[in-house]
Amino acid sequence: PPSGAMNLALLNPLDNDMPEVIEEYFDDVSATCCAFNRRGTLLAVGCSDGRVVVWDFDTRSMARTLHGHAHPVMSVCWAKNGRKVLSSSSDFTLRVWDILGMIEEANIRFDCAVLFAQFDPRNVSRCIATPIVETPVLVNLTTGTKDPVPLVRDDSDDAPSKLLSKSEPSVVACFSKRGEWIFTGNPRGIVAVVNADTMKIERTVCVPGGAPVKSISFDRKGK
């Protein structure tokens, strides 16, 4: 290959396309999580004091401050249309916010802290939630009903269809980019692919070495 290509391959990838200047600081905000909207013009920030604030990159100012959670916010997620934000908290609730009207549209309570919540990409009235000591659930944000996501299979013996016990729940769960699949992972390094319509496990994959699955995410192309 050309010498230029060889030299490029030897460069530290962290030296390329990385921010070199801090553009803004959030005063009086202790952030615990954040998420951009689809266009990258707004940033929702969950705070340790329970607030959810929205930063506008066009005006370089705080556009919204949403009060409701009593304890730190664990996750924030934008609806695909950019009009709503979903937040989960260690106060045992997840909440849906109308950003334009600054209105709390839904308040769903759990029996424990909710580590993560994500809107269904195909249906803004539904989300997936991951409580800290329970299995992930699909939540109807209109009625508040919760449907457990199937637990991942156990490949430790000769019964591949055997399910994990409820005492060992999946610790992470998220939708695929288009929402047709739910991916879950557990502390024993097993990733399951669940059909979001039939709620049946279609495939399982084991992480090499059985390392615990801490998070699952996809790039912009859904890969």
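The values are calculated or read from the model by the stated rules, or taken from the named source; none is laboratory data. Given the structure is predicted, the values throughout are model-derived calculations rather than measurements. When we count neighbours, we look across all protein chains shown, and the Cβ atoms used for this are built from the backbone with ideal geometry, even at glycine. Just so you know, the surface numbers come from the protein's heavy atoms only, side chains and all, with ligands and any DNA or RNA stripped out. Shrake-Rupley method; radii C 1.70, N 1.55, O 1.52, S 1.80 Å.
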Legend entry - Residues within region 1-27 that are more than 30 Å from residue 93 (Cα to Cα), at pLDDT 70 or above and open to solvent by less than 80 Å² (accessible area, probe 1.4 Å), tallied: 1
Inset, instruction - Please go through region 133-153 and pick out each residue that is without any contact (Cβ under 8 Å) to a residue 24 or more places away in the chain, β-branched (Val, Ile, Thr) and either within 16 Å of residue 214 (Cα to Cα) or not in a loop (DSSP other than H, G, I, E, B) (or both). - result: 137
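Select from region 138-176 the residues that are under 15 Å from the mean Cα position of the chain (by Cα) and hydrophobic (A, V, I, L, M, F, W, C) and write down the one among them that is modelled with the lowest pLDDT. Walk me through it before giving the result.
Taking region 138-176 first, the residues under 15 Å from the mean Cα position of the chain (by Cα) are 138-139, 170-176.
Adding the requirement that they be hydrophobic (A, V, I, L, M, F, W, C) leaves 138-139, 171-175.
Values: 138: 96, 139: 97, 171: 72, 172: 88, 173: 93, 174: 94, 175: 95.
Once the filter is applied, the top-ranked residue is 171.
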Legend entry - Index of the failed condition, residue 135 passing every other in (1) at pLDDT below 95; (2) open to solvent by less than 90 Å² (accessible area, probe 1.4 Å); (3) out of contact with any Lys or Arg (no Cβ under 8 Å at 6 or more places or on another chain): (3)
Legend entry - Selection count where residues are open to solvent by 20 Å² or more (accessible area, probe 1.4 Å) and within 21 Å of residue 222 (Cβ to Cβ), scope region 85-121: 3
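What are the residues in region 177-197 that are open to solvent by 80 Å² or more (accessible area, probe 1.4 Å) and either modelled with pLDDT of 90 or more or under 17 Å from the mean Cα position of the chain (by Cα) (or both), if any? Spell out the reasoning first.
As a first pass, look at region 177-197 and keep what is open to solvent by 80 Å² or more (accessible area, probe 1.4 Å): 177-178, 181, 188, 197.
If the condition is that a residue be open to solvent by 80 Å² or more (accessible area, probe 1.4 Å) and either modelled with pLDDT of 90 or more or under 17 Å from the mean Cα position of the chain (by Cα) (or both), then 177, 178, 181, 197 are the ones that fit.
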Inset, instruction - Only residues that are closer than 12 Å to residue 37 by Cβ and of a type in the set (S, T, N, Q): list them for region 47-86, please. - result: 81
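For region 28-53, enumerate the residues that are among the acidic types (Asp, Glu) and closer than 13 Å to residue 89 by Cα. Steps first, please.
Taking region 28-53 as the starting set, the residues that turn out to be among the acidic types (Asp, Glu) are 28, 49.
Of everything in region 28-53, just one residue is among the acidic types (Asp, Glu) and closer than 13 Å to residue 89 by Cα, namely 49.
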Legend entry - Where a residue in region 198-223 is open to solvent by less than 70 Å² (accessible area, probe 1.4 Å) and its partner, wherever it lies, is in a helix (DSSP H, G or I) and at pLDDT below 80, with Cβ under 8 Å and at least six apart: none
Legend entry - Top-ranked residue of region 63-87 - restricted to ones that are in contact with a Phe, Trp or Tyr (Cβ under 6 Å, 6 or more places away or on another chain) and not in a loop (DSSP other than H, G, I, E, B), ranked as farthest from residue 128 (Cα to Cα): 66
